[in-house]
Every structure is written in C-alpha cells, then in structure tokens.
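Here is the structure we will look at.
The values are calculated or read from the model by the stated rules, or taken from the named source; none is laboratory data. Note that the structure is a prediction, hence the values are computed from the model and not measured. Here Cβ is always computed from backbone atoms with ideal geometry, including for glycine, and neighbour counts include all displayed protein chains.
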Amino acid sequence: MARFGGLLTATLARWELEKRRMSDERQELRKEELRHSVSGRILDIFGVELRRNRPAPVSERPKLVVANHRAALDIGILLRELGGTFLSRADLAEWPVVGRLAREADTIFVDREDRGSGAAAIRSMRRSLKAGKSVMIFPEGATFRGDLVQPFQPGAFIAARGLEVDIVPVGLAYPPGVEYVDITFVEHVEGLARRPHTRVGVAFGDPFHAEGRADALAERCHGVVQSLVREARVLADR
C-alpha cells in the first residue's frame, strides 16, 4: 500500500514539474508514456501475472476498447496493454491523488444518472477518437462478480458512430474474491495488496470496424466479450 501510494504521489509531483516545460504536443506524448509506465509499475507492485491469449492487437485507427469490468486493476491492465484513456464514473474525479491523476490523464468522466453528463461524455469521447486517441469503456456500467458479462449499455457506442474507429474487445478473468464489489476502494486495494500474486487471464479479440447502430454494436460486443471471458478463465486457471 505504501509503494502504491508513493508511486501515485511521486508521479503526480513529477508531472506537475514536467508539464510546465513542455509544448502541448509533447505533453500528449508524455502522458501516454506515463500511462504505460505507471500502469506497468502498479501491476508489478500488486504482483499481477498476466496470462494472455496473444499479444495485444495493433490497429492503425483509433481504438474503442471494450471489456468486462471486475476490478480496479482492469484499468491498469488495459492502459498497459493498449494505451489511451478511459471512461470513468464521475465521483472518481474528486478522489485525493487518484482523481487528480485521472484528470491529468484526460480521463472522461460520466454520471450515469445524469443525461446531460452522458451526452457531454459522448462528445468528449468523439473528440478523443477524432484526434486519433484510443478510449476504453466498460459498458456493463459497474463492476460485477463472476464471469457472466452483464448486458452492455449502448450509450458509449454512440461516440464511434460515423468515425474511422476500430473496436477492440477484451475479456478479463480473475481469481474469485478479487472483484471490486460491495467494498470501498481502499478495502479493495488492501485486499489486492495482501495477495502474494494475482493471476489474470486476458483474452484479446480481433479488432473490427465500428459500423451500425449503437444498440447493435453493444449486442455484438457483448457476445464477443462473453466468449473472450470464457477464454480468459481458462488462461487464469492454468
């Protein structure tokens, strides 16, 4: 826990110093470097062992990364493997240190109970995708236990409509009891810290072009991600 907190605090302090001397273009490149490196260090701190079905797919187009959501580690894993930024619940923006880092990393925040917030988040996602950036989403809308993927909410898929964007489906599988459900974030992180290591199955699907209605895309992605979660479970249990 001390290493985790120290890493976040030091990263934020270093970024505040560095960004003052950088152009906007250089800041964007540096943010991606930090997202990649810091995520990797967080996974190392918590003893995360990734079991992949294959290397993360490479796409020349911006990516809308779509995955099931089970633990806070999901974000670090996807940032480390695929890069980009992510869509997050609105209250995260106000968390000490973590929230500040998320804001500096261009996280897109949404209050799922507020239609206005949802519309603003979609506009932000479209701006990011148009600018060539990748965005990760968890269309279940919350974290859940087990390998049954809950229905995908179509709202976030609207952001890709009419754009040259590839959807990259990902399935994640964890040991039972690791899920971030019915506990605080601190309790969740403490539980992860107590584990000697955590093996995570990560199954990447083939990228496909984001075409069609948002609800049809959500349904298609749901089926693909569910299949990938089953594949990830086999990897995690080996």
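Please report, ordered by residue number, the helices (runs of 4 or more DSSP H) entirely within the stretch 66-154 with at least 2 residues that are of a type in the set (D, E, K, R) and modelled with pLDDT of 90 or more.
73-82, 115-130
I'd like to verify a number: residues in the stretch 208-219 that are surrounded by fewer than 19 Cβ atoms within 10 Å (Cβ to Cβ) and closer than 15 Å to Val168 by Cβ, how many?
Adding up the residues that qualify gives 3.
When the stretch 1-55 is examined, which residues are found to be of a type in the set (Gly, Ala, Ser) and either assigned to a helix (DSSP H, G or I) or touching a strand residue (DSSP E or B) at 6+ places or on another chain (Cβ under 7 Å) (or both)? If you could, list the steps in order and put the result at the bottom.
To start, the set of residues in the stretch 1-55 that are of a type in the set (Gly, Ala, Ser) comprises 2, 5-6, 10, 13, 23, 37, 39-40, 47.
Correct list: Ala2, Gly5, Gly6, Ala10, Ala13, Ser37, Ser39, Gly40, Gly47.
So Arg54 ticks every box in (1) surrounded by 18 or more Cβ atoms within 10 Å (Cβ to Cβ); (2) farther than 18 Å from His36 by Cα; (3) not aliphatic (A, V, I, L, M) but one. Which box is left unticked?
Status for Arg54: all satisfied but (1).
Residue-by-condition table, conditions (1) among the small types (Gly, Ala, Ser); (2) touching a helix residue (DSSP H, G or I) at 6+ places or on another chain (Cβ under 9 Å); (3) under 16 Å from Phe185 (Cβ atoms):
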{"site": "Asp44", "(1), (2), (3)": "no, no, no"}
{"site": "Arg70", "(1), (2), (3)": "no, no, yes"}
{"site": "Gly76", "(1), (2), (3)": "yes, yes, yes"}
{"site": "Arg80", "(1), (2), (3)": "no, yes, no"}
{"site": "Val97", "(1), (2), (3)": "no, yes, yes"}
{"site": "Asp111", "(1), (2), (3)": "no, yes, no"}
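Looking only at residues that are outside any helix (DSSP H, G or I) and touching a Gly at 6+ places or on another chain (Cβ under 8 Å) in the stretch 205-238, which one is nearest to Gly155 (Cα to Cα)? Can you show your working first?
As a first pass, look at the stretch 205-238 and keep what is outside any helix (DSSP H, G or I): 205-213, 237-238.
Next cut, touching a Gly at 6+ places or on another chain (Cβ under 8 Å) only: 205, 237.
Numbers: Gly205: 21, Asp237: 33 Å.
Ranking the candidates gives Gly205 first.
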